[in-house]
1. For the stretch 137-186, what mean projected area does the convex hull of the alpha carbons give, in nm²?
2. With all distinct Cα pairs included, what does the Kirkwood hydrodynamic radius of the stretch 204-313 come out to in Å, to one decimal, could you say?
3. What does the charge count around residue 138 come to, taking other residues whose C-beta lies under 14 Å from its C-beta (Lys +1, Arg +1, Asp -1, Glu -1)?
4. Can you give me the span-like helices of the chain, meaning DSSP H runs with 20 Å or more of Cα extent along the axis and Kyte-Doolittle mean at or above -0.5?
5. Fewest Cβ neighbours within 10 Å first, please rank 173, 187 accordingly.
6. Taking the Cα centre as origin and putting +1 on Lys and Arg beta-carbons and -1 on Asp and Glu beta-carbons, what dipole magnitude results for the chain, to the nearest 20 debye?
7. For the stretch 23-107, run through the chymotrypsin sites (Phe, Trp or Tyr not before Pro) and keep only the ones in DSSP coil with at most 11 other Cβ atoms within 10 Å of their Cβ.
8. Under the rule a/c < 1.5 gives rounded, and otherwise a/b versus b/c splits prolate from oblate, where does the stretch 84-160 land using the Cα gyration tensor?
Amino acid sequence: MSTIGENLPRAPAIKERLSNGRLIPYLLVGPTILVVFLVTIGPLLWSLWLSFTRWKPGSIAFQNPEFTGVENFVWLVTNERFIASVVNFAYYGGVGVLLQVALGTLLALALYNHVENRVLRVGLLTLFTVPMMYAPLVAGRIWQLLFLPGGGVVNGLLGTVGLTGVGWLNSRWLGLTSIMIADTWQWVGLPLLIVYGGRASLSESMYEAARVDGASRWMTFRRITFPQLRNLIVIAGLLRFMDAYKFFDKLFIMTGGGPGTATELPTYFAYLVGFQNFNIGQAAALTWVLGLGSVVTLFLFWRYMSTVQGGTN
């Protein structure tokens, strides 16, 4: 008489799974997952632990990190210098990204609609995208020299038309604006390429129908071009805004956060806390707050895209 266990199907042995290829995908992916964990997930979890500790090289706490709970986060949200850097980020990330995306969109549409010579159009596209290939430090150094208060090209041009030179990097808002101009010069090519590619993919039959109906250029843009390119424009803005969370290079080379601490952004403040003052726990807490901000940005983007897709279905 057989038992219930004897009637159950036998699980295939590892050798059988290997022979029929079921385990091969896992064996191929396994080392990659392990490497990703060791170089990404592991340090990420370690930094999360450090954000709740007092850990400073060169002190007794370096060998034995002291658990302090949310002390680092309380210090962060009550720190006037950090709050000022967040305000700077809101200005740079908001106005700067909007400027880059708007300018890139206008340039893309202008090139596609008004430059009929193909060679000239490709040449202009190349001209606008070449700065993206520069190292950010090199681009920052170029614009620092252009904005020098004495002997700088920009003030020299102002002087030729009878205007007084300006200390472009010597004040908070003007310094941030100067950095924003430098970053726009380097990265306006990204939204330009995205929007240009989107416009080139649109059917010309829609525009021919609009011309037959007597639609103006503004009406054509508002009713046809913008709705068709809206998602691409938002994606371009998202890419640039996410990049703003880790913006460091040009700020470091052009103003160094100065004058004083006037143009500091959260990333630069984290650099000073972690690598100048060596308060590793506080720096870890700061970077986790920045990470949370990027997650919130992605969530808002996802909600927007879901709403748009839901409205079009």
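Bear in mind that the values in this text are calculations on the coordinates, not laboratory data. All values reported here derive from a predicted model rather than from experimental measurement. Using ideal geometry, Cβ is built from the backbone for each residue, glycine included, and neighbour counts are taken over all protein chains shown.
1. Details: hull surface 13.6 nm².
So the mean shadow area of the Cα hull is 3.4 nm².
2. Values: mean 1/r = 0.0571 Å⁻¹.
That comes to 17.5 Å for the stretch 204-313.
3. Taking every Cβ under 14 Å from that of residue 138, the sum is 0.
4. Working: long enough: 97-114 (25 Å, 1.54); 172-187 (22 Å, 0.22); 226-244 (26 Å, 0.95); 280-312 (48 Å, 0.98).
The qualifying helices are 97-114, 172-187, 226-244, 280-312.
5. Numbers: 173 11, 187 24.
Sorted ascending by nearby Cβ count, the order is 173, 187.
6. On the way: 21 positive and 13 negative charges, 84 e Å.
Computed about the Cα centre, the dipole is about 400 debye.
7. Details: sites: 26, 37, 46, 49, 52, 55, 62, 67, 73, 75, 82, 89, 91, 92; in loops: 52, 55.
Filter output for the stretch 23-107: empty list.
8. On the way: a/c = 2.06, a/b = 1.37, b/c = 1.50.
Oblate, because a/c is 1.5 or more while a/b does not exceed b/c.
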